[in-house]
1. For every other residue with a beta carbon closer than 13 angstrom to the beta carbon of ALA76, add +1 if it is Lys or Arg and -1 if Asp or Glu, then tell me the sum.
2. Please state the shape class of region 33-150: rounded when a/c is under 1.5, otherwise prolate if a/b exceeds b/c and oblate if not, all from the C-alpha gyration tensor.
3. Counting Lys +1, Arg +1, Asp -1, Glu -1, what net charge surrounds GLU47 among other residues with beta carbon under 11 Å of its beta carbon?
4. What order do LEU49, LEU119 take when sorted by accessible area (1.4 Å probe), most exposed first?
Amino acid sequence: MAKDRSKKKVRSRKENTREERKIIENRELMTFSFKDLDQTQPNGKCETLTLWQEKGLLPLLFRRLTEISQLTRDEACNKQNQIKIYPGGFPDDKKTDFVVPPHLDKNLAWGVIEGLGGLPRVAGYLSENTFYIVFLDSRHRFWISEKKHT
């Protein structure tokens, strides 16, 4: 038989005692998308997620994405320099080993996520508060720069 738990107890609640959650600020934080990831470049030396896993770079990448996802677009690009956006869009052919995928525009806000320790970067484009990861670049070949102080 089921136990009678009612015991005719008075079940009343004190009015206006609930603490309301206070929203401090609504911040549009950075998000990331892999929908345009191209693992077929650079030609002849393709950078893939599997290769990055073998090199031990994926944990570093996910740590960086976690850090940057706590920032707004302005903080990530301007104040904290976590994402570097290149003026003028995609780099010239002479400065990169990559080519723009056919479904993307060369004049997007192309840039990189740095801070993976040394040469590795993640290249892509920024639209609103989302960074679309397009290329994995463990050898710094997306925007090839001249060596300084050598």
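1. Once all neighbours under 13 Å are counted, the net charge is -1.
2. Rounded, because the longest to shortest axis ratio a/c is under 1.5.
3. +2
4. LEU119, LEU49
The values are calculated or read from the model by the stated rules, or taken from the named source; none is laboratory data. As the structure is a prediction and not an experimental result, all values here were calculated from the model. Here Cβ is always computed from backbone atoms with ideal geometry, including for glycine, and neighbour counts include all displayed protein chains. Ligands, DNA and RNA are excluded from the accessible area calculation, which covers all protein heavy atoms including side chains. Shrake-Rupley method; radii C 1.70, N 1.55, O 1.52, S 1.80 Å.
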